[in-house]
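Every read-out reported here was derived from the displayed coordinates using simple, explicitly stated rules and does not represent laboratory data. All of these numbers come straight from a predicted model, not from anything done at the bench. So basically every Cβ, Gly included, is an ideal-geometry build from the backbone, and we count neighbours across all protein chains shown.
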């Protein structure tokens, strides 16, 4: 959902003391979008969809580069030129000289699509923004019934936001913690921004454990996102 917060208004010319600001709750990468499309109401396979998207991209580049105004289901793409000339017949040379010759790509949203997105918008109020820390929305143990205890070596399916990380970095991953121990899941069959598949450590002791996703959004500083519930390991 769109995250909305009220922030202090420091503009002296405005009578209202607070302003509305917003942030996106997550990023959907192209490969994840394809997965969503393939799992939906379609007979097209994932390779079919990838092929269609690649073809659309290739033809769109060709047509727009050729000076055409190209309409797509979500909006229109077109180029425009700008700059100054010292003589009427002076050559147009983008990126060269100091006359600001430039080619600009424009995208104009399909108004019907735009209206649907706005009318179906969902939002939530938050106190402050944190658009970098991972969020775990739900967790399940693959091949076990809801409420059933997990076992060492089981596979977890995590759904959330901003879950993507580099599995080669030992500081990142899905960690299982209690008051005295912190164990990293060693195997990750799938890592995506909104979905994570992880295998519990084979030597994980029984007990009650917290689950935390550790990522490095900026590539340097690690951030920890804790699941609000604990899991039981038998």
Inset, instruction - Write down the Kirkwood hydrodynamic radius of the chain, to one decimal in angstroms, obtained as one divided by the mean of 1/r over all alpha carbon pairs. - result: 22.3 Å
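At 222 nm, what helix-only mean residue ellipticity would the chain give, in deg cm²/dmol to the nearest 500, using -39500 (n - 2.57) for each DSSP H run of four or more?
On the way: 3 runs with 38 residues, N = 234.
Computed mean residue ellipticity for the chain: -5000 deg cm²/dmol.
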Inset, instruction - Determine the gain in length on full extension of the stretch residue 120-residue 23; use 0.36 nm per residue of separation and subtract their C-alpha separation, reporting nm with one decimal. - result: 33.2 nm
Legend entry - Length gained when the stretch residue 202-residue 232 is fully extended (0.36 nm per residue, less Cα-Cα span): 9.3 nm
Inset, instruction - Go ahead and run the numbers for FRET between residue 187 and residue 82, Cβ-Cβ distance against an R0 of 45 Å, rounding to 0.05. - result: 0.25
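Restricting to region 2-125, compute how many DSSP beta bridges are antiparallel as a %, nearest 5.
Working: 16 of 19 bridges.
Approximately 85 percent, going by the DSSP bridge assignments.
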Legend entry - Value in Å of the Kirkwood radius, where region 37-137 supplies the Cα pairs that are averaged: 18.4 Å
Legend entry - Virtual spin-label span in nm between residue 130 and residue 66, 7 Å along Cα→Cβ: 5.2 nm
Inset, instruction - Throw me the Rg/Rh for region 135-233, computed over C-alpha atoms with Kirkwood Rh, two decimals. - result: 0.93
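Estimate the FRET efficiency between residue 100 and residue 171 by the formula 1/(1 + (r/R0)^6), using the beta-carbon distance for r and 45 Å for R0, to the nearest 0.05. Don't skip to the end; give the middle numbers.
Values: r = 46 Å, r/R0 = 1.02.
The calculated FRET efficiency here is 0.45.
Return a whole-number percent for the relative contact order of region 141-234, with Cα pairs under 8 Å and 6 or more residues apart as the contact set.
Details: 202 pairs, mean separation 29.9, N = 94.
Reported relative contact order: 32 percent.
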Inset, instruction - Using only the alpha carbon atoms of region 82-126, find the Kirkwood hydrodynamic radius as the inverse mean reciprocal pair distance, in angstroms to one decimal. - result: 14.5 Å
Inset, instruction - Please report how far the C-alpha centroid of region 20-42 lies from that of region 108-165, rounded to the nearest whole angstrom. - result: 10 Å
Legend entry - Simple label model, 7 Å out from Cα along Cβ direction - residue 137 to residue 1, nm: 1.1 nm
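How high is the relative contact order of region 1-117? Use alpha-carbon pairs under 8 Å, at least six apart in sequence, and give a whole percent. Kindly include the intermediate steps, with their values, before the conclusion.
Numbers: 116 pairs, mean separation 17.4, N = 117.
Worked out over region 1-117, it gives 15 percent.
Please compute the contact order of the chain in relative form: average sequence separation of alpha-carbon pairs under 8 Å and at least six residues apart, divided by the residue count, as a percent.
Numbers: 412 pairs, mean separation 38.8, N = 234.
It comes to 17 percent, rounded to a whole number.
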Legend entry - Angle between the chain longest axis and helix 46-65 axis [Cα atoms, degrees, rounded to 10]: 20 degrees
